[in-house]
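Participant: I am attaching a structure below and will ask some questions about it afterwards.
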Amino acid sequence: MAKEYVEERNGGYYLAGTRVSLDSIVQCFNEGLSPETILGEFETLTLTQVFGAITFYLENRPAIDAYRVRQQLRFDATRRNAAPLPENLRQRLVAAREQLHSGRPE
């Protein structure tokens, strides 16, 4: 009996029984990461789940690629329509990012 490693839920694809999106695995795979390296990025998964997700993607590549394009378009539209951060919060985030990159405490 074949095991399902990917499920469709809430309009998206996820590794069955997890909160890990198929998009995350496919992105890593398309960037050339090996299944073992991908596993290191998602410590809650098993190697079998990673291989199962990759197999699902390869068997359904045109549909999943089209889904990923739609998801990216939705994300871009949401980002464009999002209200800007309040100026004081934006300045604090910029300062925190600079501090993080400089490696020194404030």
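Participant: Which of these, Ala96, Ala16, Ala63, has the largest mean-square fluctuation under a Gaussian network model of the chain (Cα springs below 10 Å)?
Facilitator: Answer for the Gaussian network model of the chain: Ala96.
Participant: So if we plug the beta-carbon distance of Asp76 and Thr44 into 1/(1 + (r/R0)^6) with R0 = 30 Å, what FRET efficiency do we get, rounded to 0.05?
Facilitator: After rounding, the FRET efficiency stands at 0.55.
Participant: Hey, of (i) 15.6, 51; (ii) 18.2, 58; (iii) 25.0, 94, which did the structure itself give for Rg and Dmax of the Cα atoms in Å when calculated?
Facilitator: (ii)
Participant: Now, a different point. Roughly what angle does helix 61-81 make with the longest principal axis of the chain, taking Cα atoms, 0 to 90 degrees, to the nearest 10?
Facilitator: Approximately 20 degrees, to the nearest 10.
Participant: Give me the angle, in degrees from 0 to 90, between the Cα long axis of helix 87-102 and the longest principal axis of the Cα atoms of the chain, rounded to the nearest 10.
Facilitator: Value to nearest ten degrees: 80.
Participant: Quote the accessible area belonging to Tyr5 in square angstrom, nearest 10, computed with a 1.4 Å probe and with ligands, DNA and RNA left uncounted.
Facilitator: Rounded to the nearest 10, that gives 60 Å².
Participant: Kindly provide the helix-only [θ] at 222 nm of the chain, computed as the sum of -39,500 (n - 2.57) over DSSP H runs of four or more divided by all residues, to the nearest 500 deg cm²/dmol?
Facilitator: That calculation yields -20000 deg cm²/dmol at 222 nm.
Participant: I would also like to ask the following. Give the ranking of Glu43, Glu36 by solvent-accessible surface, highest area first, calculated with a 1.4 Å probe.
Facilitator: So the residues, ranked largest to smallest area, are Glu43, Glu36.
Participant: In the range 26-77, what is the volume of the convex hull around the alpha carbon atoms, normalised per residue and reported in Å³?
Facilitator: Output value, Cα hull per residue: 81 Å³.
Participant: Which residue fluctuates most in the GNM of the chain (Cα springs below 10 Å): Leu33, Leu58, Leu85?
Facilitator: Its mean-square fluctuation being the largest, the pick is Leu85.
Participant: Taking all protein chains in place and a 1.4 Å probe, what share, in percent, of the accessible surface of the chain do carbon and sulfur account for? Don't jump to the answer; show the numbers that get you there.
Facilitator: On the way: 4220 of 8010 Å².
The value for the chain is 53 percent carbon and sulfur by accessible area.
Participant: Now a separate question. Hey, what's the range 1-75 come to in accessible area per residue, 1.4 Å probe, Å²?
Facilitator: Computed with neighbouring chains in place, this is 66 Å² per residue.
The values are calculated or read from the model by the stated rules, or taken from the named source; none is laboratory data. All values derive from a computational prediction rather than experimental measurement. When we count neighbours, we look across all protein chains shown, and the Cβ atoms used for this are built from the backbone with ideal geometry, even at glycine. We work out accessible area using only protein heavy atoms, side chains counted, and drop any ligands, DNA or RNA first. Shrake-Rupley method; radii C 1.70, N 1.55, O 1.52, S 1.80 Å.
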